[in-house]
Amino acid sequence: MVGISLGEQHFIKGGIAQDLRTDGRKRLTYRPIYVETGVIAHANGSARVKIGGTDVIASVKAEIGRPSSLQPDKGKVAVFIDCSPTAEPTFGGRGGEELSSELALALQRCLLGGKSGAGAGINLSSLLIKEGKVCWDLYIDGLVISSDGNLLDALGAAIKAALTNTAIPKVNVSAEMADDEQPEIDISDEEYLQFDTSSVPVIVTLTKVGTHYIVDATAEEESQMSSAVSISVNRVGHICGLTKRGGSGLDPSVILDMISVAKHVTETLMNKLDSDISAAEAREEES
């Protein structure tokens, strides 16, 4: 929890009202973004993303599994987040566990859409190897190293970068088998398939402070918020998910305006992340 004086609170709110935040940014401007890929050697894909003072790592591990009986034609994805107490003292104990669960649930919704699968950023059918028998299970882990606000957006960007960095081994399945038998599979050590991230969204959180809303809020700015809406938008402008936090209610017209702003901001953010991820991948190949 950020402790600031009454004078600092007025300074933060006054600056946002005048479209000049305490660090010199406008309301809809992000802090500098840094992306590094391939940071965890034994993962199928990994990335580190820094947005200002917020620093997170995401990794992807692919393991052979069995499709669920309810979705025999799809693979499975699970998201786990760990908020390290070294990142923020309040992350120690129950506070960190609750935030980790909240972030993981929000990210799962953003990546996998609704129960019907509508709006999913990850195509679970692409993880199927043999219907009803064998599939890939993706385990996505996020770690918060340093926290200075806007954790959900940073984790979403890190997961997008880690998925772009992910290579899944090619699998050959034996053709002859009985219906009640598990097929024999051969996992290649040499041939890999790059994971398709064309539909993976970016997350834009709009934080309401006073009568205005801002993107990429710092921890100090978040301490003054009345509410925040996180909107995940894919490359073609479709909404993949929406979550709200904070006790203050929002008029539906305000939410619609926030969605419109998020779509506008997403275009710039998506291009920026794509460029940074490509540059990070190039650096990884050179090293």
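Among the residues of region 100-117, which ones are of a type in the set (S, T, N, Q) and surrounded by 14 or more Cβ atoms within 10 Å (Cβ to Cβ)?
Those that are of a type in the set (S, T, N, Q) and surrounded by 14 or more Cβ atoms within 10 Å (Cβ to Cβ): Ser100, Gln108.
Is it the case that Leu250 is without any contact (Cβ under 8 Å) to a residue 40 or more places away in the chain and not small (Gly, Ala, Ser)?
For Leu250, the condition - without any contact (Cβ under 8 Å) to a residue 40 or more places away in the chain and not small (Gly, Ala, Ser) - is not met.
Scan region 1-31 for residues that are at pLDDT below 90 and of a type in the set (A, V, I, L, M, F, W, C) and jot them down.
Met1, Val2, Ile4
Is it fair to say Ser188 is within 15 Å of Ile129 (Cα to Cα) and small (Gly, Ala, Ser)?
When the stated conditions are applied, Ser188 passes them.
Does region 114-126 include one or more residues that are closer than 30 Å to Glu221 by Cβ and either at pLDDT 95 or above or among the charged types (D, E, K, R) (or both)?
Going residue by residue through region 114-126, those that are closer than 30 Å to Glu221 by Cβ are 119, 121.
In the following step, the residues that additionally are either at pLDDT 95 or above or among the charged types (D, E, K, R) (or both) were identified as none.
Scanning region 114-126, I find no residue that is closer than 30 Å to Glu221 by Cβ and either at pLDDT 95 or above or among the charged types (D, E, K, R) (or both), so the answer is no.
When region 193-202 is examined, which residues are found to be touching a strand residue (DSSP E or B) at 6+ places or on another chain (Cβ under 9 Å), open to solvent by 10 Å² or more (accessible area, probe 1.4 Å) and either outside any loop (DSSP other than H, G, I, E, B) or charged (D, E, K, R) (or both)?
Passing the criteria: Leu193, Gln194.
Residues are listed down the side, and each one gets a yes or a no for (1) open to solvent by 10 Å² or more (accessible area, probe 1.4 Å); (2) in contact with a strand residue (DSSP E or B) (Cβ under 7 Å, 6 or more places away or on another chain):
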site	(1), (2)
Asn123	yes, no
Leu127	no, yes
Gly132	yes, no
Cys135	no, yes
Leu138	no, yes
Ile145	yes, yes
Gly149	no, yes
Leu152	yes, yes
Leu155	no, yes
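So which strands (runs of 3 or more DSSP E) are wholly in region 3-99 and hold at least 1 residues that are among the hydroxyl-bearing types (Ser, Thr, Tyr) and surrounded by 18 or more Cβ atoms within 10 Å (Cβ to Cβ)?
In region 3-99, the matching strands (runs of 3 or more DSSP E) lie at 33-37, 45-51, 54-65.
Looking at region 158-192, which of its residues are open to solvent by 10 Å² or more (accessible area, probe 1.4 Å), at pLDDT 85 or above and of a type in the set (A, V, I, L, M, F, W, C)?
Ala167, Ile168, Val171
Being more than 19 Å from Leu193 (Cα to Cα), among the charged types (D, E, K, R) and over 26 Å from the mean Cα position of the chain (by Cα) is the requirement here; does Glu8 meet it?
Answer is yes for this residue.
Taking the condition of being under 21 Å from the mean Cα position of the chain (by Cα) and in contact (Cβ under 8 Å) with a residue 60 or more places away in the chain, how many residues in region 198-212 meet it?
6
Which of (1) modelled with pLDDT of 90 or more; (2) in contact with a Lys or Arg (Cβ under 9 Å, 6 or more places away or on another chain); (3) closer than 28 Å to Tyr34 by Cα; (4) assigned to a strand (DSSP E or B) does Gly142 not meet, given it meets every other one?
(2)
Touching a Cys at 6+ places or on another chain (Cβ under 8 Å) and without any contact (Cβ under 8 Å) to a residue 40 or more places away in the chain: does that describe Gly96?
Against the criterion (touching a Cys at 6+ places or on another chain (Cβ under 8 Å) and without any contact (Cβ under 8 Å) to a residue 40 or more places away in the chain), Gly96 qualifies.
The values are calculated or read from the model by the stated rules, or taken from the named source; none is laboratory data. Since we're looking at a predicted model, the values are computed, not measured. Quick reminder, even Gly has a Cβ in these numbers, built from the backbone with ideal geometry, and neighbours come from all protein chains shown. Ligands, DNA and RNA are stripped out before the accessible areas are found, and what is left, the full protein with its side chains, is counted by its heavy atoms. Shrake-Rupley method; radii C 1.70, N 1.55, O 1.52, S 1.80 Å.
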